[in-house]
Every structure is written in structure tokens, then in C-alpha cells.
1. Among the numbered criteria (1) farther than 25 Å from B:E187 by Cα; (2) modelled with pLDDT of 85 or more; (3) touching a helix residue (DSSP H, G or I) at 6+ places or on another chain (Cβ under 8 Å), which single criterion is violated by A:K3?
2. Starting from the range B:161-175, take each residue that is within 16 Å of B:F32 (Cα to Cα) and list its partners that are small (G, A, S) and not in a helix (DSSP H, G or I), counting only C-beta distances under 7 angstrom and pairs at least six apart or across chains.
3. If you go through the range A:107-120, how many residues are open to solvent by 20 Å² or more (accessible area, probe 1.4 Å), more than 7 Å from chain B (Cβ to nearest Cβ) and over 17 Å from B:K202 (Cα atoms)?
4. I'd like the full set of residues that are within 13 Å of chain B (Cβ to nearest Cβ) and either in a helix (DSSP H, G or I) or among the aliphatic types (A, V, I, L, M) (or both), limited to the range A:92-106.
5. Please count how many residues of the range A:49-86 are farther than 22 Å from A:F191 by Cβ and either open to solvent by 10 Å² or more (accessible area, probe 1.4 Å) or assigned to a loop (DSSP other than H, G, I, E, B) (or both).
6. If you scan the range A:175-198, which residues turn out to be without any contact (Cβ under 8 Å) to a residue 40 or more places away in the chain and either within 14 Å of chain B (Cβ to nearest Cβ) or open to solvent by 40 Å² or more (accessible area, probe 1.4 Å) (or both)?
7. Being touching an Asp or Glu at 6+ places or on another chain (Cβ under 7 Å) and away from ligand 1 (no atom under 13 Å from the Cβ) narrows it down to one residue among A:N29, A:N8, A:N18; which is it?
8. Kindly evaluate B:D22 against the criterion of being of a type in the set (D, E), within 28 Å of B:E94 (Cβ to Cβ) and open to solvent by 80 Å² or more (accessible area, probe 1.4 Å).
Amino acid sequence: MTKIKVENVTKIFGKHINSALKLVEQKKNKTEILKQTGATIGVYDASFSVNEGEIFVIMGLSGSGKSTLVRLLNHLIEPTSGSIYIDGENISKMNKQQLRAIRREKMSMVFQNFGLFPQRTVLANTEYGLEVRGIPKEERTKKAEAALDNAGLLPYKDQLPSQLSGGMQQRVGLARALANDPDILLMDEAFSALDPLIRKDMQDELLDLQQKVRKTIIFITHDLNEALRIGDRIALMKDGKIIQIGTGEEILTNPANDYVRTFLEDVDRSKVLTVENAMIRPISVNVEIDGPKVALKRMREEEVSVLLAIDKNREFKGYITADDALEAAKRGEKNVDSILKTDMESVTPDMLIQDVLGIISESSIPLAVVKENKLVGVLIKGVVIQSLASDTEEVTSNE
Amino acid sequence: MNKILDSIPTVPVAETMETIMDWLTSNLSALFSFIQNGGKNAMNFITDMLISIPPVIFILVIALIAFIATKRKFGLAIFAIVGLLFIYNQGLWEELMNTVTLVIFSSIIAIIIGIPLGILMSKSIVAENIIKPILDFMQTMPGFVYLIPAVAFFGIGVVPGVFASVIFALPPTVRFTNLGIRQVPRELVEAADSYGSTGWQKLIKVELPLAKSTMMAGINQTVLLSLSMVVIASMIGAPGLGREVLSALQRAQVGNGFVAGLSLVIFAIIVDRLTQSFNKK
Ligand SMILES: Nc1ncnc2c1ncn2[C@@H]1O[C@H](COP(=O)(O)OP(=O)(O)OP(=O)(O)O)[C@@H](O)[C@H]1O
Ligand SMILES: [Mg+2]
């Protein structure tokens, strides 16, 4: 179900908006427009929709308009043109009260520098959203304490934010957002100010949380690895425009243009490549028909020393080596039953390369890629390493 | 050359101002005399009350407040005891109490007017553009200029003294309130807005608490400025230490002038340190 729908939204900062708009249509770039009109393109003609329960990541370099876009969603910034629908309601047409109601009940925001009120205790911060809604003291304390408890922060409730570490402060920020029980979480670079290890913990926590509570999350980041790690879908922005929307996989294997491609270069490929991207066609032998001689001939033709063994239904059975096949041929055996080995590890095509790296580096033989018992490919150490090092071009052509 | 310039008739600014003042005094005289009488009574009441407190108790209470406000340090408390005893010893206790009343009244009125003005200024660019030049104007005027409308409206005495002090002491509170609110980090304002605060909730729960220490710096200046008006206000008959200074000046009594001046300085230091230490908490 569509939760948020953004239709042709544009935000231009400054005066001379119309002349700026004309220049965008003439495909002038952002700096030129700024020079000529003094107006800054915040967001230009953004359209997308976000489904309920989805983590939608907005990614882009500094100044690309991410913060502006997310603030348009709760109308902290008013769009110059275009419409934004939350649950089908056009929030651009709402009056102040209606807008406040939406902010109070439907969406909460988490900030890059945590946005905690320094003079309020952790508990009072967590209560803030409930407090402005006019919820009685007792009830809001109960709710806020429950939210803090979930974040493991209840013992700190009477401390001031400045007494907590960055990671803990951001947990308070998240608890404050969740205490409201909103449908939508807006997170503007929520983890960017944290150091890498804590950041990863927070990402895990967010994913865990998402398993439990299923919010619709708009997550802003300029870090591709973070985007790929937590995003169900990713929107890439440049100079206020959205240039590609898709799953991490889609964007990586099919970058929309050179800009996306350069953006992708610094990504740690192992985190997103799946087994399917790196596997190659298996050279196999049919245990029900083929004997040692056929196997040897095929090995010679294909220049391999190992064949994967399957049956008539392509079900994975094991493997045979060249040495064993030679022995069996000398003994005059008619089938490969006696030399069939079964100690080969198998993986599935949708597993992440990252997760199979351990298995593959310890094993001296290739890994079988099996889907529903059927052999679909083989994973060879050399090819995996090569695909990790390769640029986008080669991964795309591997398909 | 001069002839050409001289041929331009004098623009009647002074006359116009006078007409306006005449109009105000004659048409609003009832209001002004009401304020004059009410103000005088209220202030006399407070002064009498302060005088009726036995000086020893008064001094000890101030010392105790100083001790607590400076986080249990003895410095200011001891200074207050010695300084106030000195003033008492010099026979200026009643004058001091008159000055205290004058400062309290003018500071409180300046704060009551100044904070809302500062808030208004921080919320509206139009208001800021109007108020800022007025404040500049007020601050560049020498303090005794305000005595003229004060006398015109209220005659002589303590009320016009307070009136002139308020105008003179108002600007810092307005400016610092505006500054303090504008200095609240953007992210915190956004946090307040994004959780659906009304403008009022945002002001009370977020902006004012965060602007507090800046505002206190402005209030401290306001109090000191109103204190510095005490001497000037005595020219139009406001009682207190200022009048002692003035009369010593008129009679060329160096010794008396020194004692009264020193008493004012002692009082000023106590007030300054006290208001500053409230800020640090
Ligand atoms: N209030 C404003 N007034 C004028 N220009 C603005 C304003 N807010 C943002 N901009 C401009 O809009 C553009 C997009 O800014 P935005 O903050 O959305 O970028 P961002 O992608 O969030 O960048 P970052 O990663 O640095 O946070 C920038 O060029 C910025 O200078
Ligand atoms: Mg940003």
C-alpha cells in the first residue's frame, strides 16, 4: 500500500523563482542558475512513492537536496510546486492545525546531530512529542519510559543528553520518535555523526526494530554502504534531481548513468553482490549415464580438473576429480559411483558474497550453487575475487 | 553662499515636537497623573517597607543570597556585608533603600516591556526592521535627554525618574532576547516543529529556555543601566544615593560626594555580581 506519494515536487530557495525555473528547463546547471538568478535549486521535480513498511533511502552527495526533500515531507519546508500525499491526503493543502496533527500523530523525525533539547532530561526529551499533544503526565511518562526501556536506556532517564555518548544520544532521539508511535519515521543522516562501529550497531538495531514494528522509514544518507545495508529501495539524488530509484541490486548492476556509476565506485562490492552475480556455468557429469571416460574427455575439453555430478533431473549429487576418474578408467569401471565425492559445500544463488567468502576461502574446491536441489552454477575462488575487484561494467556483462 | 543657505527658513522640528508634547500632556494629563500618583504610592510603600527591615537582617539576607548564588563562595557575601555596613555607617541607609526601589522598579518594568518586544523582534523580520533603528536611536541618546519628556509628562519626583530609567535601560533586554532566540540551533527549532509544537509551545518549551543565558546577560545590562540613571534621575527630584551625589556636586563638597559615589559603586558591584551569578546556574 502506498504510504507517501510525492508528485513533481520542486523547491527553490530565494527570489526570482520563475526565472530560475526557466533556466532549469533549459538544462542549465545549479551553479549557473545561482549565478544568474541568486536562486538555489533545493529539489527539482521529484516524484516517487513509498510503500507502507518500506525503508526508503535517499542518497546523494552534500548539497544534493536530501535534507530539503525529507523536510518537504513533513512540511518543515514548503514546496514551491508539486504535491505530497500522506495516506492519500494532500498535505500541501492542509491548514496549520491539520498539519500539526499529521506531525504529531503520523510522522516523527530523527536528526543528524540528534536534536535533543539540552536542558531537558532524557525522559523529558522522550516525552516531548507526547507532551505537545497534551497527553496527561502519567500516561506520557509511562509511554516514554517504555520507549527508553526498549532502547536499553531506562537507567539513564534522569540524565541530561550531554552526559551521554553520541550513540546513546541518538538512541534517545530514536526513542523520542518511537514514543509517539508514528507510522512514518524521517531520519536525516541519523547515523552520520556516529563513529563506524556504533553506526553499524545502530543500523542493526534499526533493522531489528523494523522487523518488530514495521514503520515506513525515510532514511537519508550520503553513504552508499549504509544505503545498501538498510534500504529496501534507494533513490539517488544529484543537484536536486532524483536520477535513479531502485533496489540496491538494481542500481549496482544497472546504473542509470555515469554519475551513478562514479558514485558506486567506492562501494564495498562484497556487501551487495550475490552468489548469482559471481557464479559461472557448471561443467557437470550425469551420474546415471556417464562413465569415467566421458568425464575425462569433458575435463580435457573444458580444461577443468573437477566435474560436478548431477542426475537426470539436474539434482546436485557431488563431484568427481580428474585423478579419481583416471584411476577408475584404468580399472575399467563403467560408471562413476565409486569415485563420487559428496563433501562439497553448496550455497544458494541469493546469498550475499560477503556471507560465503568465509566458506570459499577455506575450501580447496569450488562451491556448488544449488537452488531447490538443482544445480544452477558453481562458485570458483578466482572468479569471486575477480568480481569483487571488477568495475561495474564487468559485473553487468557477467549476467 | 551662506546667504543661499540662510534663505531657507528653519525647519520647525523643535516646534513640532513641542506641539506634540503639548497635545500629549494636555489630552492625556489624567492618565499621566494617575500613573504619577499610583507609581509614587507604590514606590513609597516599597521604600518604607525596605526601611522598616532592620538593617542587620537586610544585610544578612543579602549576604546569604550572595553566598548561595555564588555556589557557596564567601567572596561576594563578605563584600556585601562590609560594603553595606559601610553605607549604613555613613548614614546613607535610607538613600540606599530609595535607590534600591528605583532600580527594582525600573528594571522590572524594562524587563516586562523588553522581553515581549525581543520575542516579537525575533519572530518577525518586519518588527526587527522597525525596532532595531529605534533601539539604536535610544542607545545613542544621552541619558538625560529622556528627562525632558519625563518631566513634561510626570512633573518631578521618582516616577519621571523611573520613566527615564526604563527608556534608557530597555534596549539591552530587547536586543539580547532577540539574539538569544535567534541563536537557538536550527535543528532544535526543527525538532520542536517536527513534533507538532504550536508556536507558543515552541517558545515556552524550547526557545526561551535555550535563550535564557543570553537573555540574562541582557537583563544584567539593563539593571546596571537603570542604576547608572539614578544620578541623572536625581536631577528631576528622584530620591536616593544619586541625589546625595548631585547635591555634593552642587555644593562642591568633595568628601560627601566621594562617600555617596563610593556607596553607589558598592551597590552596583553587588547587583552586578548577583545578577551574573543567577545566570551561571
Ligand atoms: N534555507 C535555505 N535557503 C537557501 N538555500 C538552501 C536552504 N536550505 C538548503 N539550501 C540549499 O539547497 C541545496 C540542498 O541542500 P540540502 O541541505 O537539502 O542538501 P543535502 O543533500 O541535505 O546536503 P548535506 O549532505 O550537506 O546535508 C543546497 O545547495 C543548499 O545550499
Ligand atoms: Mg542534509
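The values are calculated or read from the model by the stated rules, or taken from the named source; none is laboratory data. Remember, predicted model here, so these are calculated numbers, not experimental data. Here the Cβ is made from the backbone with ideal geometry for all residues, glycine too, and neighbour counts use every protein chain on show. Just the protein is used for accessible areas: all its heavy atoms, side chains included, with ligands, DNA and RNA removed. Shrake-Rupley method; radii C 1.70, N 1.55, O 1.52, S 1.80 Å.
1. Going through the list (1) farther than 25 Å from B:E187 by Cα; (2) modelled with pLDDT of 85 or more; (3) touching a helix residue (DSSP H, G or I) at 6+ places or on another chain (Cβ under 8 Å), A:K3 breaks only (3).
2. Taking only residues 6 or more apart or on different chains, the pairs are B:G161/B:A238.
3. 2
4. A:M94, A:K96, A:Q97, A:Q98, A:L99, A:R100, A:A101, A:I102, A:R103, A:R104, A:E105
5. So the count comes out to 12.
6. Across the range A:175-198, the qualifying residues are A:D181, A:D195, A:P196, A:L197, A:I198.
7. Every option except A:N8 fails the conditions.
8. Judged against the criteria, B:D22 is not a match.
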